[in-house]
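Novice: Mind looking over this structure? Questions follow.
Just so you know, all these numbers are worked out from the coordinates, no wet-lab data involved. These numbers were taken from a predicted model, which means no experiment stands behind them. FYI the Cβ positions are ideal-geometry reconstructions off the backbone, even for glycines, and counts take in every protein chain you see.
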Amino acid sequence: MKADSLRGHLDALLLAVLDGRKLHGYAIIEALQLRSDGALDLPTGTVYPALRRLERAGFLASEWDVVSGRKRRTYKLTRSGQKALAAERAEWREFTTVIGGVLGGSTA
């Protein structure tokens, strides 16, 4: 998948992966890969700064946990993050409907 295709959608993807669960950074990257059948293989240099930015915006909360004997920062959605995700999902549905209508090949 082209990196340009993700522009503007990274935040929504990260929020969606964290919906209803708490994960550390590498687990977030793995979840993106799994949920995209390997199409999304984002480098840590892209994901971690975005997580920090989302936390500063109040959409994520983080804490240090011990996972498999290792200390790791885990992230979870805040109420603001849940609202932002709901808005992103609504916007995505509208976007795909509009673009699908144009690219879908129907002639009007």
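Novice: Would you check if Tyr48 is farther than 17 Å from Arg21 by Cβ and of a type outside the set (Val, Ile, Thr)?
Specialist: Details: farther than 17 Å from Arg21 by Cβ: yes; of a type outside the set (Val, Ile, Thr): yes.
So Tyr48 passes the test.
Novice: Filter region 74-108 down to residues that are small (Gly, Ala, Ser) and surrounded by 10 or more Cβ atoms within 10 Å (Cβ to Cβ), then give me how many there are.
Specialist: 8
Novice: For region 55-108, give me each residue that is over 17 Å from the mean Cα position of the chain (by Cα), within 16 Å of Gly8 (Cβ to Cβ) and of a type in the set (Asp, Glu).
Specialist: Residue satisfying the conditions is Glu94 alone.
Novice: Something else: Out of all the residues in region 1-41, which are part of a loop (DSSP other than H, G, I, E, B), within 27 Å of Asp65 (Cα to Cα) and basic (Lys, Arg)?
Specialist: Result: Arg21, Lys22.
Novice: Of everything in region 62-100, what is free of Cβ contacts under 8 Å to residues at least 24 places away in the same chain and within 14 Å of Ile28 (Cβ to Cβ)? Give them in sequence order.
Specialist: Selection gives Ser62 alone.
Novice: Assess whether Tyr48 counts as being surrounded by 13 or more Cβ atoms within 10 Å (Cβ to Cβ) and within 20 Å of Gly8 (Cβ to Cβ).
Specialist: yes
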